[in-house]
Amino acid sequence: MEVDDHSSMDRPPRRPKEGIFDSLMFKQTFVLELSIWVAAFGAWSWLLKSEFDEEAVRNNLLLFMVLFGNLLFFNYRSVKESAFEVALRRNVVLVFGVLAAQGFHLFTMQVPFMRAVLRKSHAFPQGWLTSWGVAIPVPGAMEIFKISRKSTSTRHNR
């Protein structure tokens, strides 16, 4: 559903022997996975030390992973461009899809029948706010990675 930015034909083709997974993809995956691990482990440790029981903490981490996954859609719209450089109006379906997915997940954590089916506890407001606090820096790490790649390639091209 992403609208073409009309620059795809301006880029040179990939080398025929180049694999599907290039070094840039491996580096991005490493940065992303390390960021997720640090954020999730940090949130898990912090929430367990606070007033919440283990079930509530697990529930909150699930909320974090869903929120994080939804936020990453915006980051992956372009491998090289910042998520802030790609206009949201280029893919309104994605924006509404992410909002609907997050809303549905929160809904299932509030409805007793759905909580029973999914074996989840009630979502507490502090947990949702904590999830935002933990999830937002992770795509930020990818943005920093993209910026550093741009500045490095700009220096090398001079």
Requested in this report: Quickly run through segment 43-77 and pick out the residues that are touching a residue at least 12 places away in the same chain (Cβ under 8 Å) and farther than 26 Å from residue 110 by Cβ.
Outcome: 75, 77
Requested in this report: Just name the residue that is farthest from residue 80 (Cα to Cα) out of those in segment 109-139 that are at pLDDT 75 or above and of a type in the set (Phe, Trp, Tyr).
Outcome: 113
Query raised in the report: Which residues, taken from segment 111-132, are part of a helix (DSSP H, G or I) and loosely packed, with under 12 Cβ neighbours inside 10 Å?
Result: 112, 113, 116, 117, 125, 129
Query raised in the report: Name the pairs: first residue in segment 136-152 and outside any helix (DSSP H, G or I), second residue surrounded by 13 or more Cβ atoms within 10 Å (Cβ to Cβ), Cβ to Cβ under 8 Å, at least 6 apart or on different chains?
Result: 136/71
Query - Leading residue by the ranking (surrounded by the fewest Cβ atoms within 10 Å (Cβ to Cβ)) among those in segment 51-108 that are at pLDDT 85 or above and small (Gly, Ala, Ser) - result: 103
**Report entry** Residues that are among the β-branched types (Val, Ile, Thr) and modelled with pLDDT under 75, drawn from segment 144-158
**Finding:** 152, 154
**Report entry** Residues that are exposed (fewer than 13 other Cβ atoms within 10 Å of the Cβ) and either assigned to a loop (DSSP other than H, G, I, E, B) or not hydrophobic (A, V, I, L, M, F, W, C) (or both), drawn from segment 23-50
**Finding:** 23, 27, 29, 33, 42, 45, 49, 50
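The values are calculated or read from the model by the stated rules, or taken from the named source; none is laboratory data. Keep in mind it's a predicted model, so treat the numbers as computed, not measured. Positions of Cβ are generated from backbone atoms using ideal geometry, with glycine treated the same way; all protein chains shown enter the neighbour counts.
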